[in-house]
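Comments concern the structure below.
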Amino acid sequence: MDKKLYAEHIATLRSRYDEILDQCGYDTLNVFSGSPKVQFLDDNYYPFKVNPQFKALVPVTDNPHSWVIYRRGQKPKLLFYRPVDFWHYVPAAPQTFWSEHYDIELLAKPADAKQFLSADGAAFLGEDANLDGWPIGTPNPEELLARLHWNRAYKTPYEFACLREANRIAVRGHRAAEEAFRSGASEFEINLAYLKAAGQGENRMPYGNIIGLNEHAAILHYTHLSGQRLPEAELKTFLIDAGADCNGYCADITRTYAFRSGEFADLVAAMDEKEQELVAGLKPGLPYPDLHRQCHLKVGELLNRFGVIKASAESAVESGLTRPFMPHGLGHFLGLQVHDVGGHQTGPQGGTTPPPPEYPFLRTSRTIEEDQVFTIEPGLYFIDSLLADLKESELAGEVHWGKVDAFRPFGGVRIEDNVIVHADRVENMTRDCSAE
């Protein structure tokens with residue numbers, strides 16, 4: 001990673017953090033990476049997931065019992081846990097592109113951190129399990145968190161570089177996954193092909209990979225990963241929603257493939273076109289819910305064009321007919337977390353602006369601005385439970401149920417790209433990486 005980019009990034013962060021600490025009346029932030037959690041009635045640990053507030057300050061994602069101590073106007077101090085341990089991997093002391101920007105102290109034991117901590121004028125960010133009696137300061141102050149979350153929406157050039165690289169890694173995995181699907185692999189085998197091509201294990205992935213064949217594509221967060229291979233004659237659809245990590249930043253990409261040509265393959269191609277139109281619609285100054293409404297109009301157009309509904313797109317959106325076919329939100333902020341923070345925040349000081357009542361699962365209600373990063377992921381699904389409710393509703397007569405039944409075995413279609421909003425253009429990182 002470019003050292004100059006990181007130097008500019010940490011300078012921007014320090015300016016933001018200094019201002020936020022001053023606004024909230026604190027001098028110091030004590031930020032804990034977290035500690036491993038023991039599984040119930042066992043002596044094994046759950047996979048460690050770092051506190052996102054910690055990796056916001058330093059690109060260390062896999063080391064528990066570490067701390068960043070940030071004092072206003074001073075160089076951050078990193079307390080890096082490095083025990084004497086023959087049971088587990090012990091990371092080397094940091095000597096990398098970001099190291100010079102931190103005063104680094106090595107901890108042989110978790111309790112060694114106490115001598116560096118102070119509660120005076122301090123706030124603590126993290127989970128405080130097993131820290132009783134430690135001088136950590138006020139835990140997780142609401143206004144301070146709100147201001148940090150608000151600022152996380154505006155990415156730096158370093159963050160763009162990390163997100164682009166995460167997309168490159170994920171695109172490699174998606175290509176391998178499609179090849180495995182077309183060779184007749186099971187969901188489990190497709191996932192292995194993805195992980196191998198990405199060069200990242202399941203614990204590093206930003207979320208559990210969604211690998212769904214046929215009707216499993218209608219399960220929005222399907223992660224069962226069946227080991228059963230389907231006969232070629234039964235293969236219809238493959239939906240993959242899978243990401244990757246770069247320095248703690250996430251990719252989140254979805255593609256849907258038809259195994260053979262036909263009407264469903266035409267629907268996938270049509271959805272791909274609609275998705276790119278929605279990407280082009282990301283404009284600074286546009287409320288994100290307005291783009292979500294445009295998404296429902298486009299889904300309504302497809303439902304009408306492919307003979308699923310009788311109503312026009314406008315009528316279907318007005319009546320709510322599109323919602324059972326597209327029940328989730330158009331997209332979300334993307335960054336250090338796959339569903340990055342602040343999507344419903346009203347302003348820097350906090351507050352919540354909920355999504356429109358008719359679209360309760362929309363994760364972003366803010367106005368689109370320059371330097372924000374979004375996913376755009378329209379979908380169209382044939383979900384048994386939602387269709388059963390629709391069939392019992394007053395809108396049932398607007399549906400061609402024979403066409404619904406013809407599409408059910410294919411599950412559904414979703415296309416998702418990762419997009420940066422610039423002042424004068426939209427950068428589709430996913431498509432750019434796919435073209436390389």
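The values are calculated or read from the model by the stated rules, or taken from the named source; none is laboratory data. Since the structure is predicted, the reported quantities are computational estimates derived from the model, not experimental observations. Please note: Cβ atoms are built from the backbone with ideal geometry, for glycine as well, and neighbour counts cover all protein chains shown. When the accessible area is computed, the model is the full protein with side chains, heavy atoms only, and any ligands, DNA or RNA have been set aside. Shrake-Rupley method; radii C 1.70, N 1.55, O 1.52, S 1.80 Å.
Could you list, in sequence order, all residues of region 224-275 that are open to solvent by 30 Å² or more (accessible area, probe 1.4 Å), in contact (Cβ under 8 Å) with a residue 60 or more places away in the chain and within 14 Å of K298 (Cβ to Cβ)?
Within region 224-275, D272 is the sole residue that qualifies.
Does L302 fit the bill of being surrounded by 15 or more Cβ atoms within 10 Å (Cβ to Cβ), in contact with a strand residue (DSSP E or B) (Cβ under 9 Å, 6 or more places away or on another chain) and modelled with pLDDT of 95 or more?
Yes: the conditions hold for L302.
Evaluate the following for G73: is it crowded, with 19+ Cβ neighbours inside 10 Å and at positive phi?
no
Can you tell me which residue among I368, I383, I376 is closer than 30 Å to A265 by Cβ and within 22 Å of the chain's Cα centre (by Cα)?
The conditions single out I376.
Checking G73 against (1) modelled with pLDDT of 95 or more; (2) closer than 25 Å to A119 by Cβ: exactly one of these is not met. Which one?
It fails just one condition, (1).
Search region 175-200 for residues being open to solvent by less than 10 Å² (accessible area, probe 1.4 Å) and assigned to a helix (DSSP H, G or I), and hand back the single one that is nearest to W98 (Cα to Cα).
A198
For region 62-83, give me the residue count where each residue is charged (D, E, K, R) and either free of Cβ contacts under 8 Å to residues at least 24 places away in the same chain or under 15 Å from S99 (Cα atoms) (or both).
Qualifying residue count, region 62-83: 2.
So which of L21, L29 ends up being in a strand (DSSP E or B), more than 23 Å from D245 (Cβ to Cβ), in contact (Cβ under 8 Å) with a residue 40 or more places away in the chain and not aromatic (F, W, Y)?
Only one candidate qualifies: L29.
Within the group H88, H101, which residue is more than 22 Å from E19 (Cβ to Cβ) and within 30 Å of the chain's Cα centre (by Cα)?
H88
How about region 396-436: which of its residues are open to solvent by 20 Å² or more (accessible area, probe 1.4 Å), more than 21 Å from the chain's Cα centre (by Cα) and under 21 Å from A217 (Cβ atoms)?
Matches in region 396-436: H400, W401, G402, K403, D405, A406, R408, P409, F410.
If a residue counts only when it is within 22 Å of T254 (Cα to Cα), which strands (runs of 3 or more DSSP E) contained entirely in region 301-416 have at least 1 such residues?
Correct list: 373-376, 379-381, 412-414.
Report the residue count in region 203-223 for those that are surrounded by fewer than 14 Cβ atoms within 10 Å (Cβ to Cβ), over 17 Å from R255 (Cα atoms) and not polar (S, T, N, Q).
0
Can you tell me which residue among S319, S312 is open to solvent by 10 Å² or more (accessible area, probe 1.4 Å), among the hydroxyl-bearing types (S, T, Y), touching a residue at least 40 places away in the same chain (Cβ under 8 Å) and out of contact with any Asp or Glu (no Cβ under 6 Å at 6 or more places or on another chain)?
S319
Can you go through N191, N140 and tell me which one is more than 25 Å from K236 (Cβ to Cβ) and not aliphatic (A, V, I, L, M)?
N140
Would you be able to tell me the number of residues in region 115-142 that are modelled with pLDDT of 95 or more, surrounded by fewer than 15 Cβ atoms within 10 Å (Cβ to Cβ) and more than 18 Å from F80 (Cα to Cα)?
Number of matching residues: 6.
Which one of the conditions (1) in contact with a Gly (Cβ under 7 Å, 6 or more places away or on another chain); (2) over 21 Å from K49 (Cα atoms); (3) not hydroxyl-bearing (S, T, Y) does R172 fail to meet, given that it meets all the rest?
(1)
Could you list, in sequence order, all residues of region 131-144 that are in contact with a helix residue (DSSP H, G or I) (Cβ under 8 Å, 6 or more places away or on another chain) and either closer than 28 Å to A111 by Cα or outside any helix (DSSP H, G or I) (or both)?
Once the filter is applied, which keeps residues that are in contact with a helix residue (DSSP H, G or I) (Cβ under 8 Å, 6 or more places away or on another chain) and either closer than 28 Å to A111 by Cα or outside any helix (DSSP H, G or I) (or both), region 131-144 yields W134, P135, P141, L144.
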